[in-house]
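All remarks here apply to the structure that follows.
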Amino acid sequence: MKKLAVLCLLPFALALGRQETVITGKLLGHDGKPMKQAHVHLLKPGTPKPTAKTQVDAKGSFRLTTSHTGLLFLQGTGVDHAENRAALLIREPQNLEIEMRLRSNPYLKDFTDVKIMGDFNNFNFNTAKPMEKQPDGTFTAEIDVKGATFKYQLLGLTPMARSVNGTMSEDFVYDDGGDYQSVVTPRNGKVRIVFDPKEVKSSDASAEIVIKGNPLLTRFSSMMVDMTHRMEKMSEARAAHQQAGKDMKTFSYDWSNDVATIADQLRSENEPTIRQTLLLNYVQLGMFGAKDLDPALAKEALETIPFESPLWLLNPMLIRVAVQVSGQSDSGEVYFDRFLQRQPDKGATGALLFNEAMMAQFSGQTAKLKKYYDILVTEYQDTQYGAMAKQRLKPDIKVVKGQAVPSFSVVSIENPGSVISSESLRGKVYMLDFWAVWCGPCIAEMDNLHKAYEKFKSKNFVILSLSFDPKVEDVVKFRNGKWKMPWQHSFVERGFESELAKQFEVIGIPKPILVDKNGVIVATDMDLRGERLEQTLARVLGTN
């Protein structure tokens with residue numbers, strides 16, 4: 001899983017005669033010792049494939065070389081550990097010596113729902129197999145195997161839905177995503193995997209990065225590691241809330257101490273680059289729901305961090321957050337356009353462009369969508385964002401308020417012999433609800449949906465939920481639990497890739513669409529979520 005990058009801005013000494021940057025150092029575990037297996041990787045922003053990679057030796061030592069300049073991420077990974085990253089800004093080739101110590105995986109305190117995925121299901125999260133808890137506290141799973149080896153990972157061990165290696169392993173394979181797969185040898189075409197919670201090694205020791213001979217750069221590292229830990233604590237609190245069986249809609253996290261800490265650091269910080277990085281850390285809290293952020297500090301971030309600065313490459317979306325926190329939403333496009341004009345990294349500008357275009361399509365802002373779509377398909381046609389724009393964006397939005405609902409026909413889950421269509425629903429006010437069991441925001445809307453349905457079902461109001469789940473059984477199982485969803489249902493084969501999704505321009509879920517008795521769309525998206533759902537229905541259906 002991706003983590004917040006750690007920033008190290010390096011001094012730039014003239015390196016005459018050298019054509020490569022040489023990075024040496026050590027990568028160790030939380031206890032200061034070499035790990036069972038570990039790697040270091042060099043990544044360019046927005047590019048998942050490393051430009052260089054090496055496995056550390058038995059003593060934890062490594063050596064990497066690169067001819068690339070600019071912003072690079074040095075990523076350290078290790079078995080039983082959470083990844084860590086340093087961002088290196090390299091303008092001239094030079095020698096760097098870096099020591100990294102990883103943090104142990106942030107394991108849950110109690111394991112209740114452990115699942116296994118592996119070769120048998122192509123490491124698919126959605127089809128992971130539940131492991132059976134044994135009287136001795138271990139979890140087991142028996143799987144038929146055709147190959148000479150069996151690779152697997154476990155889910156349900158960490159609070160952030162990461163897949164990690166198990167406690168039963170003969171060897172390990174890096175999974176190209178920050179974690180490791182366990183490798184075991186089958187016996188007679190079968191394996192019996194045992195996960196033993198007693199063998200889990202957990203520690204509160206923090207991750208560390210030290211750039212030898214440069215305390216200023218180490219300070220950068222420590223500052224960003226602190227930010228990573230803040231995010232992890234929030235994720236752990238969310239997982240504990242969920243494990244306690246509480247409604248995720250009621251979860252909130254108190255960021256007040258973190259807000260105060262960074263604000264206090266800013267009051268005494270004058271070094272330009274560190275101050276700018278602190279400002280981005282402060283703004284980022286707003287991305288995760290922090291309240292009472294100072295608009296002046298967000299405005300300072302927008303006005304003092306140059307748009308061509310590599311600091312923005314750490315997360316280009318922070319421009320949007322800074323605009324919102326600063327209270328300058330009306331000037332948002334002005335800041336976005338300045339960023340597009342001045343930032344030389346097309347990965348960063350492409351990511352922001354695509355995000356803004358998707359938001360515009362989702363909210364029905366046709367003029368803004370067309371503006372950014374045209375830029376993506378012309379100036380970014382040779383990038384992944386240009387290709388995604390052609391595949392997923394529609395500059396001529398048709399599923400908007402005031403337009404006729406597209407003609408559709410789906411099969412009922414409850415009665416496979418029954419067809420539900422735009423024609424069969426004509427004369428009723430109905431809401432199409434594109435959703436999935438795996439979609440957290442969809443589940444968060446369940447309470448609102450049930451209350452609204454009970455309140456308005458007597459007014460000729462119908463809900464048709466259209467599932468984007470891997471299989472119809474997922475919907476049946478879900479409805480046997482807390483949320484009964486006592487309205488009409490259909491299953492959409494291939495989800496986002498289906499013709500129905502393309503027809504209704506579904507690029508994200510939940511996607512609610514309200515249609516009146518004449519087949520005209522009267523509301524979409526945010527007007528049908530949260531408290532606004534009942535308000536919108538009351539306006540359309542009346543309150544009497």
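The values are calculated or read from the model by the stated rules, or taken from the named source; none is laboratory data. Quantities reported herein were computed from a predicted structural model and do not represent experimental measurements. Note that each Cβ is placed from the backbone with ideal geometry, even for glycine, and that neighbours are counted across all protein chains shown.
Observations on the model:
- Of the candidates 127, 112, the single residue that is exposed (fewer than 15 other Cβ atoms within 10 Å of the Cβ), touching a helix residue (DSSP H, G or I) at 6+ places or on another chain (Cβ under 6 Å) and under 30 Å from residue 473 (Cβ atoms) is 127.
- The condition (being among the aliphatic types (A, V, I, L, M), under 30 Å from residue 280 (Cα atoms) and under 28 Å from the mean Cα position of the chain (by Cα)) is satisfied by just one residue among 131, 224: 224.
- The strands (runs of 3 or more DSSP E) found wholly in region 412-510 and carrying at least 2 residues that are of a type in the set (A, V, I, L, M, F, W, C) occupy 419-421, 429-435, 461-467.
- Search result, residues across region 62-106 that are loosely packed, with under 14 Cβ neighbours inside 10 Å and within 26 Å of residue 32 (Cβ to Cβ): 63, 95
- Single unsatisfied condition, residue 137 versus (1) under 17 Å from residue 193 (Cβ atoms); (2) small (Gly, Ala, Ser); (3) buried (at least 19 other Cβ atoms within 10 Å of the Cβ): (3)
- Meets criteria (buried (at least 20 other Cβ atoms within 10 Å of the Cβ) and touching a helix residue (DSSP H, G or I) at 6+ places or on another chain (Cβ under 7 Å)) for residue 523: yes
- Criterion (touching a residue at least 24 places away in the same chain (Cβ under 8 Å), farther than 16 Å from residue 26 by Cα and not assigned by TED's automatic domain parsing to the domain that holds residue 164) met by exactly one of 77, 66: 66
- Among the numbered conditions (1) assigned to a helix (DSSP H, G or I); (2) charged (D, E, K, R); (3) modelled with pLDDT of 85 or more, the only one that residue 204 does not meet is (1).
- Any hit, region 242-253, residues being under 30 Å from residue 369 (Cα atoms), surrounded by 15 or more Cβ atoms within 10 Å (Cβ to Cβ) and in contact (Cβ under 8 Å) with a residue 24 or more places away in the chain: no
- Of all the listed residues (266, 280), the sole one being in a helix (DSSP H, G or I) and within 21 Å of the chain's Cα centre (by Cα) is 280.
- Qualifying strands (runs of 3 or more DSSP E) (wholly inside region 68-159; at least 2 residues being farther than 23 Å from residue 185 by Cα): 70-78, 84-90, 95-101
- Here the condition is being at pLDDT 90 or above, in a loop (DSSP other than H, G, I, E, B), more than 21 Å from residue 183 (Cα to Cα) and out of contact with any strand residue (DSSP E or B) (no Cβ under 9 Å at 6 or more places or on another chain); of 33, 59, it holds for 33 alone.
- From the list 208, 232, the one residue that fits, being acidic (Asp, Glu), surrounded by 14 or more Cβ atoms within 10 Å (Cβ to Cβ) and in contact with a strand residue (DSSP E or B) (Cβ under 6 Å, 6 or more places away or on another chain), is 208.
- Out of 387, 322, sole residue that is closer than 19 Å to residue 496 by Cβ, of a type in the set (A, V, I, L, M) and not assigned by TED's automatic domain parsing to the domain that holds residue 432: 387
Rundown of residues vs (1) out of contact with any Lys or Arg (no Cβ under 9 Å at 6 or more places or on another chain); (2) outside the structural domain of residue 534 (by TED's automatic domain parsing); (3) closer than 15 Å to residue 510 by Cβ, yes/no style:
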position	(1), (2), (3)
415	yes, no, no
428	no, no, no
440	yes, no, yes
474	yes, no, no
488	yes, no, no
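- Subset of region 317-333 (residues that are under 22 Å from residue 374 (Cα atoms) and modelled with pLDDT of 90 or more): 317, 319, 320
- All positions within region 338-369 that are assigned to a helix (DSSP H, G or I), of a type outside the set (A, V, I, L, M), over 23 Å from residue 47 (Cβ atoms) and modelled with pLDDT under 90: 361, 362, 363, 366, 368
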